[in-house]
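Report on the following structure.
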Amino acid sequence: MISTAASNALRMAGRRAATGSRFGAARLSSTAASSQQASNNKNAAILATTAGLVAAVAALQQQEQTNKTQNLFGKSAATAVKETEEKFGAYWPRNIMILFGPPGAGKGTHGPKIEELLGIPALSTGDMLRAAVSAGTEVGKKAKAVMAAGGLVSDEIVVGIIRDRIKEDDCKHGFILDGFPRTLAQTKALDKMLAEEGACVTKVIELEVPDSVLEERITGRWIHKKSGRSYHVKYAPPKSMKKDGAGKAVAESMKDDVTGEALMQRGDDTAQALTKRLAGYHNETVPILTHYQPNGIVKAVNANQGMDGVWGEILAALKRGSA
Ligand code: AP5
């Protein structure tokens, strides 16, 4: 038999859940099913929250792990989980957020953590464009020189990239935009493409950092190209980093903590290109905040503090009712 907690939560989720994530379900699973008693005790609380769907998935996942022969309404737990996820993807609004801030603010540092927390993908137009440059595609050829100089790639190109990307299956519950939109034209194009499906941007997390600290962050950054993992010689050094006699990081010692592969520095991470990138940010990108502020969805975070402090504020900003 499937647990009462799982079946009740699943049915109530259909009526009550307004948001959730696959990752959220995974996180909840260890709690929701640590014991049958605990699960029953939590049932009432679960049903009273809008996370009912997530709890249902979590409980069912645990059921599947503990007893693969149990059925729900004649279906296996795995089938019920899949069907619930499909319903959620088809009928509930997507969670669409923008990670906003100047170059070096921490978008690439915190984007993957939000991705892990919410189970929705972080889509970085910068990463997508760099991949196109590396692959030598037509888009890459057009973008290469502009990016190296710190300019903005044409609206037409980036809007096209995002339009295609958000149609992919992993975006069905929502997505996090990192580095897009960057102009009012991109913003209007985004709003329009979302409006076509009755959706809209649900939150803008603005990372506030004074320009004065950004040069050190940008020029000290090293990245792992394949994963996009970001390191810093001072603030987030890789475990392998060695320094020379003058205290400078030895390039050959800069390796990714996870894969051990070589790290690299971006061509546009120079003080000169940063000046242009910042000018573009203030002139073209900051007005986007004014566009979304009347919707009450813009949440400012002090990103001029240690990474843990920034993450704590981001977590608070992500919560419903915070913006
Ligand atoms: P993109 O790749 O988007 O670059 P960006 O916006 O300039 O942002 P960065 O990646 O430089 O900064 P970040 O905020 O991710 O900082 P990170 O977390 O790594 O775009 C590149 C180019 O592509 C653009 O210039 C443009 O040409 C083109 N492009 C992209 N999108 C476009 C669009 N929509 N339209 C037109 N053109 C587009 O942090 C930086 C460093 O600081 C790291 O080393 C990190 O370890 C460190 N750090 C982070 N947080 C902290 C902290 N709290 N304390 C200390 N150190 C920290």
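The values are calculated or read from the model by the stated rules, or taken from the named source; none is laboratory data. For clarity, every value in this text was computed on a predicted model and none was experimentally measured. For neighbour counting, all protein chains shown are included, and Cβ atoms are generated from backbone atoms with ideal geometry for every residue, glycine included.
Scanning the stretch 115-153 for residues that are closer than 23 Å to Glu284 by Cα, in contact (Cβ under 8 Å) with a residue 12 or more places away in the chain and either exposed (fewer than 14 other Cβ atoms within 10 Å of the Cβ) or of a type in the set (Gly, Ala, Ser) (or both) turns up Ala122, Ser124, Gly126, Ala143, Ala148, Ala149, Gly150, Gly151.
For the subset of the stretch 190-208 comprising residues that are without any contact (Cβ under 8 Å) to a residue 24 or more places away in the chain and either within 16 Å of the ligand (Cβ to nearest atom) or within 21 Å of Met128 (Cα to Cα) (or both), which member is nearest to the chain's Cα centre (by Cα)? So the residue we want is Asp191.
Residue-by-condition table, conditions (1) touching a helix residue (DSSP H, G or I) at 6+ places or on another chain (Cβ under 8 Å); (2) basic (Lys, Arg):
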| site | (1), (2) |
| --- | --- |
| Lys248 | no, yes |
| Glu252 | no, no |
| Gln272 | no, no |
| Leu278 | yes, no |
| Ile288 | yes, no |
| Gly296 | no, no |
| Val310 | yes, no |
| Ala316 | no, no |
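Based on this model, can you work out whether Ser212 counts as more than 24 Å from Val158 (Cβ to Cβ), surrounded by fewer than 13 Cβ atoms within 10 Å (Cβ to Cβ) and of a type in the set (S, T, N, Q)? Against the criterion (more than 24 Å from Val158 (Cβ to Cβ), surrounded by fewer than 13 Cβ atoms within 10 Å (Cβ to Cβ) and of a type in the set (S, T, N, Q)), Ser212 qualifies. If you go through the stretch 237-270 and keep only what is among the aliphatic types (A, V, I, L, M), in contact with a strand residue (DSSP E or B) (Cβ under 7 Å, 6 or more places away or on another chain) and at pLDDT below 95, you end up with just Ala249.
Give the residue that is surrounded by the most Cβ atoms within 10 Å (Cβ to Cβ), with candidates limited to residues of the stretch 229-246 that are among the small types (Gly, Ala, Ser) and near the ligand (Cβ under 9 Å from one of its atoms). Here the residue is Ser230.
Restricted to the stretch 171-189, and to residues there that are aliphatic (A, V, I, L, M) and more than 10 Å from the ligand (Cβ to nearest atom), the residue that is surrounded by the fewest Cβ atoms within 10 Å (Cβ to Cβ) is Leu184.
One residue stands out among those in the stretch 72-103 that are surrounded by 20 or more Cβ atoms within 10 Å (Cβ to Cβ) and of a type in the set (Phe, Trp, Tyr): the one that is nearest to Asp269 (Cα to Cα), which is Phe100.
In the stretch 302-315, the residue that is surrounded by the most Cβ atoms within 10 Å (Cβ to Cβ) out of those that are under 15 Å from Leu99 (Cβ atoms) and more than 10 Å from the ligand (Cβ to nearest atom) is Ile314. In the stretch 251-272, the residues that are more than 13 Å from Ile223 (Cβ to Cβ) form Cβ pairs under 6 Å with partners that are within 15 Å of the ligand (Cβ to nearest atom), at six or more places apart or across chains, as follows: Ser253/Met241; Ala271/Glu215. In the stretch 289-299, the count of residues that are among the β-branched types (Val, Ile, Thr) and loosely packed, with under 14 Cβ neighbours inside 10 Å is one or more. Within the stretch 70-102, which residues are closer than 18 Å to Lys203 by Cβ and within 16 Å of the ligand (Cβ to nearest atom)? Ile96, Met97, Ile98, Leu99, Phe100, Gly101, listed by residue number. Please count how many residues of the stretch 287-315 are closer than 21 Å to Leu129 by Cβ and without any contact (Cβ under 8 Å) to a residue 60 or more places away in the chain. Selection size over the stretch 287-315: 0.
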